[in-house]
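Report on the following structure.
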Amino acid sequence: MKQRQKLLAVLFLLASLCGMAQPERPKVAVVLCGGGAKGAAHVGALKVIEEAGIPIDIVCGTSMGALIGGLYSIGWTPEEMDSVLRSQEWTTLLTDRVDPATLNIDKKRLQNTYALWHAISTKEEGGGIVRGINLDRLFNQLLYGYLDSIDFYSLPIPFACVATNLIDNAEIDFHHGYLKQAMRSSMSIPGVFAPVRMGDMLLVDGGLRNNYPADIAREMGADIVIGVTLQGDELTADDITHTVTVLEQIVDINCRNKYQYNVNHTDLLLNVDITGYSAASFTDDAIATLIARGEKVARDNWEALLDLRRRNGIDSTARPATLRRPTPPEEKHRVLEASPLLGERMVGAAFRFDNEENGALRVGAMLPYHWMVPMEASAYFRLGKRSQFHIENTIFPSGITSPAVAYSTFHDDMDYYVSGRRMINVRYNRHSLDLYPINSRFRRYELRAGLRWDYYHYDDHTLIRRGIDIGDFTNAHYFSLNVQTQHNSENHWYFPSSGTRIALRYAYITDNLLTYNGDQGMHDISAHWRINLPLASRLTLQPMAYGRLFIGQEQPLPFATLLGSEWFGNVSEMQMPFDGVTDNEYVDRNLMALRLQLQYRLFKNHYLHARFTMASSFAHLENFEKPEDLVNLFGGALAYFYNSFFGPIGFNIGYSNLLDKPTFYLSLGHHF
């Protein structure tokens, strides 16, 4: 028995000596520098490094390199990150604009009214044009399963990233904490993104101190460092022409000395050709090209990669470990994320121009507060040919309705046309008070019902030509009971390719809540319905039916039926769209219309429209049964639009039998 124990001990000792004699594989680190959009190249380089059979033991990064590196460290493959980068709506992601799928109809309307819609920062939040709410939402999805505080050495691949403390310009290296907060801090470009507050520190982009952190990889135990950099030629005075190049130059100057030190401590440097691209090149084509360039520079260094592997004794069959990361929940849960249009103090501004009204400016604000129950005050003013001030207060008690009260004052200077000829000009002031005890807004539905009081004070009117009778110009007030509802499942506010939009409105108009001029009140009914039928990936058929019925002894001037530009209520609440008409065309009180539109998406944000509209107008319901009493109208238009950050920019060329001549309509910016 003793001899057997001695034999086992000898065998154990020999096995231990053999294990000691076997050298441990050297640790490989990949270091990814910052560079904004140019950082997409990191994904291409990682693909080739993996193909070369080089296992990655440590990942370090700054700014965009922190984003790519952080995702890689928790198990995202280069192919998956390629898909993520290409699928993002970067123009939305890098702003605080909200995914429409998370908003109710009213908030969608706000987001598609203001070009700039920004949260009012508090002293604690720091400063920056963009708070990064959409980035935060994206990180919650991409980092699912790693949202708690954690030691970054315990990640599937140990990770570190760099930020800069704005208070003392110190470099802050993240090795533990909240992964999302670390990555977000590393990407916070000063003056663009709001800094991230941690204790008494304000953290901004790590590129200001260490844009290529190879030294951190060495400190973490890396024996071999493979670096991916995005350094172009040094900029001259002629190159620094806009904000992005100014920021890039600041980063380069701050990091120049440390950058060279880190390059000298790199075993293999892959410097991507970023000619023609900047940190803001977030277009689809640019992202695809930069990924390809990252792959190209790695393939150009293929022999160097293989030689590095051989010289360091890395097994030729070695492959990076297959990492598994938790699967995030369904997209439906994203509505629980914070939204800058829900419970936030906001300010917004928008500008538009068209050749119907010329220029107009709108500035608005929204202020949530609490007085016994949650409330929200909102206000805006509009400057232009039609000036307006509006203020509204909404109460949010528990329940499905949010009662609201609103006051508006208008100053209007309107021209009325008949068959293309300007007949009369009217200048007036209007005061309106709305009380909506029923005010329910959901994701796709909206219902408002209540009482409105309007008072019209006419400053002046000028009869240009005779031949139009639209009532007198006596100051008057009106009481109306209003019910309006809307359903909107369209996937885009201006250029939908799926879904439907339905709007119905009914008003009973009086001068004393019961009658009008001692007679029965007036009934005002309007509706429109649009459905989007995809015919191909870029082609959509959009039939729309709309109309208005006005029943009463007379139709006062404020309630006249008008035809105009392509958007409902663009100039007047009573204005309806009609192709080939660009001004306020006065028609009979009742109208029924049908429009067929083909929409073709030429490029990502470029659209072509071909429209045809036909309608019948008539003075009284009984005229509808007599074809000879109907005025039949038709029109068509060809239009082009570019969906810009500031709203749709485009024009249409049209024709209608109402004007019997070609028309041109130019529209720049959101409709409001």
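Where strands (runs of 3 or more DSSP E) sit wholly within the range 536-648, those with at least 3 residues that are open to solvent by 30 Å² or more (accessible area, probe 1.4 Å) and not hydrophobic (A, V, I, L, M, F, W, C) occupy 631-644. Just to be sure, is Asn475 under 30 Å from Gln111 (Cα atoms) and either open to solvent by 50 Å² or more (accessible area, probe 1.4 Å) or in contact with a strand residue (DSSP E or B) (Cβ under 7 Å, 6 or more places away or on another chain) (or both)? Judged against the criteria, Asn475 is not a match.
Examine the range 60-73 for a residue that is over 22 Å from Arg137 (Cα atoms), at pLDDT 95 or above and either in contact with a strand residue (DSSP E or B) (Cβ under 8 Å, 6 or more places away or on another chain) or among the acidic types (Asp, Glu) (or both), and state whether such a residue exists. Yes. In the range 536-552, the residues that are under 30 Å from Thr510 (Cα atoms) form Cβ pairs under 6 Å with partners that are polar (S, T, N, Q) and open to solvent by 20 Å² or more (accessible area, probe 1.4 Å), at six or more places apart or across chains, as follows: Arg548/Ser526. Inclusion of Tyr665 among residues that are over 23 Å from Leu361 (Cβ atoms) and among the aromatic types (Phe, Trp, Tyr) is not warranted. Selection of first residues in the range 82-97 that are closer than 19 Å to Trp493 by Cα and of second residues that are part of a helix (DSSP H, G or I) and open to solvent by less than 50 Å² (accessible area, probe 1.4 Å), restricted to Cβ pairs under 7 Å at least 6 apart or on distinct chains, gives the following pairs, ordered by first then second residue: Thr92/Asn134; Leu93/Asn134; Leu93/Leu135; Leu93/Leu138; Thr95/Asn134; Asp96/Ile133; Asp96/Asn134; Arg97/Gln111.
Candidates in the range 107-124 are the residues that are of a type outside the set (Lys, Arg) and at pLDDT below 80; of these, the one that is most open to solvent (accessible area, probe 1.4 Å) is Glu124. The set of residues from the range 433-457 being surrounded by fewer than 17 Cβ atoms within 10 Å (Cβ to Cβ) and among the polar types (S, T, N, Q) comprises just one member, Ser440.
Against the definition (of a type in the set (A, V, I, L, M), open to solvent by 20 Å² or more (accessible area, probe 1.4 Å) and under 32 Å from the mean Cα position of the chain (by Cα)), how does Leu504 come out, yes or no? Against the criterion (of a type in the set (A, V, I, L, M), open to solvent by 20 Å² or more (accessible area, probe 1.4 Å) and under 32 Å from the mean Cα position of the chain (by Cα)), Leu504 qualifies. Just one of the listed residues (Ala304, Ala321) is at pLDDT 90 or above and surrounded by fewer than 18 Cβ atoms within 10 Å (Cβ to Cβ), namely Ala304. In the range 418-437, the residues that are over 22 Å from Leu481 (Cα atoms) form Cβ pairs under 9 Å with partners that are polar (S, T, N, Q), at six or more places apart or across chains, as follows: Gly420/Thr663; Ile424/Thr462; Asn425/Thr462; Val426/Thr462; Arg427/Thr462; Tyr428/Asn475.
The values are calculated or read from the model by the stated rules, or taken from the named source; none is laboratory data. From a predicted model like this one, the values you see are computed outputs, not experimental measurements. Positions of Cβ are generated from backbone atoms using ideal geometry, with glycine treated the same way; all protein chains shown enter the neighbour counts. For the accessible areas, the whole protein counts, side chains as well, though only heavy atoms, and no ligand, DNA or RNA atoms are used. Shrake-Rupley method; radii C 1.70, N 1.55, O 1.52, S 1.80 Å.
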